[in-house]
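Please treat every number below as a calculation from the coordinates, not as lab data. Just so we're clear, the structure is a prediction, and the values are computed from it rather than from any experiment. Quick reminder, even Gly has a Cβ in these numbers, built from the backbone with ideal geometry, and neighbours come from all protein chains shown.
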Amino acid sequence: GAGVSQSPRYKVAKRGQDVALRCDPISGHVSLFWYQQALGQGPEFLTYFQNEAQLDKSGLPSDRFFAERPEGSVSTLKIQRTQQEDSAVYLCASSLDGTGNQPQHFGDGTRLSIL
Amino acid sequence: LAKTTQPISMDSYEGQEVNITCSHNNIATNDYITWYQQFPSQGPRFIIQGYKTKVTNEVASLFIPADRKSSTLSLPRVSLSDTAVYYCLVGARNTGGFKTIFGAGTRLFVKA
C-alpha cells in the first residue's frame, strides 16, 4: 500500500490478557517508530527501529511492552498482562532513512481499550 | 533532548492567516524542525520541515530565525478543514537511535 497500515483498528481486551498490534510500514522505509497517545495528549515515543535493529526502547513503559521487527519491515508491538492504564491509541510511523531528519509517515493507529 | 513549547490553543476565522510559534531553546546543531497536523481518529500528518530561514510548500510556510530557538508555522487563508492539532517537533538524535518528542500541540479552531 501507499501508506502505513496498522491493524487491528480497534482492540478490546480484558485486563490481564496479552495483545499484539501490527504495523506495516511504507515499503523500503528504514526507520520505524511506535508511539502511545492518550486522549487529549500528544504522541509519546515508545521505541525506534532501524531496519530490524531496535536501537531505542527507552520509551517503553514497562517490561510488559515488547516490540519486534524481525525482517526489517512489518513490526509488532506486544503488550503482556494488559492493565487499564494501557488503554490508548498506539501509533506507528515510518521514515525513509535512518538519519532522523526525514519526515515520519503515520498510520491511523490502533485504539486499545482494556476493560 | 530539545523540548518544544507551543500555545495550547488558538482560534481563527476562515480566510485569515494563522501563525503558530514554537519555542525550542535547546535545539541541537543537527536538528531539523518538523510540523505535523492531526485530525481526530487519525495519525499525525507531515506538513513541513526546515532547518533555517524560510521554507514554503503548497500548504504552509515555516519561518526559522538565525538562532533557531523558535520557529513559526504560517497557514495562509485557513478554512474550516484546517481545524486540527498542530505539533512542532525537533529531532533528537541520540547514540544509535532517534527519539522524537511531541509536545501537547496547539489546537487550532477555525470558525466560519
request  = Measure up A:K11/A:K57; A:K11/B:K69; A:K57/B:K3; B:K3/B:K54 against 31 Å on the Cα-Cα distance and list the ones that go over.
outcome  = A:K11/B:K69
request  = For the stretch B:69-81, just list the computed ³J(HN,Hα) in residue order, Karplus coefficients 6.51, -1.76 and 1.60, θ = phi - 60°, integers in Hz, with x standing in for Gly and Pro.
outcome  = 7, 8, 8, 10, 8, 10, 10, x, 6, 5, 10, 4, 6
key: DSSP beta bridges in the stretch B:9-111 [antiparallel fraction, %, rounded to 5]   = 85
query = Tell me, how many Å apart are the Cα centres for the stretch A:94-115 and for the stretch B:1-48?
reply = 17
For the stretch A:56-68, Karplus couplings with θ = phi - 60° (6.51, -1.76, 1.60), whole Hz, Gly/Pro x = 8, 10, 5, x, 5, x, 7, 6, 7, 9, 9, 10, 8
request  = Among the aspartates and glutamates, select those whose C-alpha is under 13 Å from the C-alpha of B:K99, and discard any that sit fewer than 8 residues away in the same chain.
outcome  = A:E44, A:D56, B:D31
key: Cross-link partners of B:K111 among aspartates and glutamates (Cα-Cα below 17 Å; sequence separation of 8 or more within a chain)   = B:D11, B:E14, B:E17, B:D82
ask   = What percentage of all Cα-Cα pairs in the protein assembly as shown are separated by more than 22 Å?
value = 51
Chain A shape via C-alpha gyration tensor axes, a/c threshold 1.5 = prolate
query = Other chains' Cβ within 10 Å of B:32-41 residues: what's the mean?
reply = 3
message = How large is the Rg to Rh ratio of chain B when both quantities use alpha carbon positions and Rh follows Kirkwood?
response = 0.97
